[in-house]
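Since the structure comes first, as structure tokens, the remarks are kept for the end.
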Amino acid sequence: MHQKDWCRGGRFVSSPPTHGYGLAMRHAILGAGGIGGLVAAALARGNSDVVLLLRPGALAEYDGSLVVDSAVLGHFTIDVPAVSKLDRAIDVLWVATKAPQLEPALALAPPERVGDATVIPLLNGIDHVELLRHRIVVPGVIRVESERVSPGRISQTSPFLRIGLAGAEPVAAELRAAGVDCSTSDDELTLLWSKLAFLAPVALATTAVDGSLGAIRDDERYLGCQSEVLAVARAEGAQVDERSLHGMAAGAPDATRSSMQKDVAAGRQPELDAIAGPVFRGAARHRIPVPYTEELARLVASRAGNP
């Protein structure tokens with residue numbers, strides 16, 4: 001999708017809604033975990049208007065402020081209001097749920113309330129974008145290790161915090177002003193697959209062996225999965241920069257642990273279909289063998305109690 005094309009009601013229009021851009025925008029955050037909470041806190045500290053959308057149980061546990069301990073943004077506390085259902089006009093809806101919770105979570109942001117707001121999903125994987133196409137969607141990716149350690153408490157440990165958006169430069173500018181490294185691209189497919197080509201091998205391998213990135217760097221299955229995902233991405237039409245991909249993997253700290261690994265360790269459902277599913281489906285379409293990815297996915301499913 002070209003940067004100037006915005007999807008409205010299943011059709012593309014040539015320019016985005018204005019929403020009064022030029023002033024600080026009004027943001028709603030759906031999914032206030034390690035990712036959504038970090039984005040919300042950064043924007044709120046940068047004087048953007050931010051509201052969290054929380055399920056009633058989570059809302060009852062939230063004390064009205066986010067406490068962030070970030071390797072990039074520092075340590076700070078910021079007041080951010082929260083509601084159990086979107087009740088105000090907004091310019092941007094950030095969707096930062098886990099993939100299995102996406103559809104039920106959308107009930108917190110009814111379409112009539114979202115209106116013409118720009119929807120920016122930061123989910124892992126590829127397939128969620130089509131689910132949101134009836135809205136004005138600008139796909140995004142985030143590269144960070146961040147988790148919610150308790151209600152309203154966010155720990156971001158990676159030495160990087162980078163967001164890529166398939167357009168929406170005014171939103172990107174607001175993120176940069178808030179201290180977040182943010183870039184835009186006019187190639188949605190490459191944006192999404194470039195993240196998945198890094199994420200899928202790391203998530204699957206670290207979870208399969210329950211080890212950090214340092215423990216799997218030389219694992220044949222990890223390296224084989226990298227090559228397989230890259231082959232599928234290119235067959236799907238993405239122009240993934242292999243040198244940049246390997247540089248990113250080499251530069252990530254040895255202590256890096258994937259969110260999938262943390263989910264399995266905590267007894268939560270892993271995002272196996274969201275992360276491995278696009279690889280398998282693309283491989284089937286293009287008749288590309290992916291034995292290493294299949295083996296790692298089987299091990300993850302077995303560790304998660306779903307062989």
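The table that follows gives values for the structure above.
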| item | result |
| --- | --- |
| Among (1) in a loop (DSSP other than H, G, I, E, B); (2) among the small types (Gly, Ala, Ser); (3) surrounded by fewer than 23 Cβ atoms within 10 Å (Cβ to Cβ), the one test that residue 167 misses | (3) |
| The lone exception for residue 75 - which of (1) part of a strand (DSSP E or B); (2) free of Cβ contacts under 8 Å to residues at least 60 places away in the same chain; (3) surrounded by 12 or more Cβ atoms within 10 Å (Cβ to Cβ) it fails | (3) |
| Residue tally, condition surrounded by 20 or more Cβ atoms within 10 Å (Cβ to Cβ) and farther than 18 Å from residue 188 by Cα, over the range 115-130 | 1 |
| Pairs with Cβ under 8 Å, 6+ apart, first in the range 290-307 and without any contact (Cβ under 8 Å) to a residue 12 or more places away in the chain and part of a loop (DSSP other than H, G, I, E, B), second surrounded by 11 or more Cβ atoms within 10 Å (Cβ to Cβ) and of a type in the set (D, E, K, R) | 307/298 |
| Lone qualifier among 118, 77 - being under 16 Å from residue 49 (Cβ atoms), polar (S, T, N, Q) and at pLDDT 90 or above | 118 |
| Which numbered condition residue 274 misses (of (1) under 22 Å from the mean Cα position of the chain (by Cα); (2) small (Gly, Ala, Ser); (3) within 24 Å of residue 218 (Cα to Cα)) | (3) |
| Residues being farther than 20 Å from residue 126 by Cα and in contact (Cβ under 8 Å) with a residue 60 or more places away in the chain - total across the range 256-267 | 3 |
| Residue count, the range 131-150 (criterion: surrounded by fewer than 17 Cβ atoms within 10 Å (Cβ to Cβ) and either modelled with pLDDT of 95 or more or outside any loop (DSSP other than H, G, I, E, B) (or both)) | 3 |
| Enumeration of residues in the range 170-194 that are farther than 25 Å from residue 224 by Cα and part of a helix (DSSP H, G or I) | 170, 171, 172, 173, 174, 175, 176, 177, 188 |
| Residue count for the range 253-289, restricted to those that are part of a helix (DSSP H, G or I) and of a type in the set (Ser, Thr, Tyr) | 1 |
| Leading residue by the ranking (surrounded by the fewest Cβ atoms within 10 Å (Cβ to Cβ)) among those in the range 254-297 that are under 27 Å from residue 237 (Cβ atoms) and basic (Lys, Arg) | 287 |
| Filter result for the condition that a residue is in a helix (DSSP H, G or I) and farther than 20 Å from residue 157 by Cβ, over 238, 197, 250 | 197 |
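Listed here are the residues, each with its yes/no results for (1) surrounded by fewer than 19 Cβ atoms within 10 Å (Cβ to Cβ); (2) assigned by TED's automatic domain parsing to the domain that holds residue 180; (3) modelled with pLDDT of 95 or more.
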site	(1), (2), (3)
53	no, yes, yes
64	yes, yes, yes
106	no, yes, no
112	yes, yes, no
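The values are calculated or read from the model by the stated rules, or taken from the named source; none is laboratory data. Computed from a predicted structure; not experimentally measured. Heads up, the Cβs are rebuilt from the backbone with ideal geometry, glycines too, and the neighbour counts pull from every protein chain shown.
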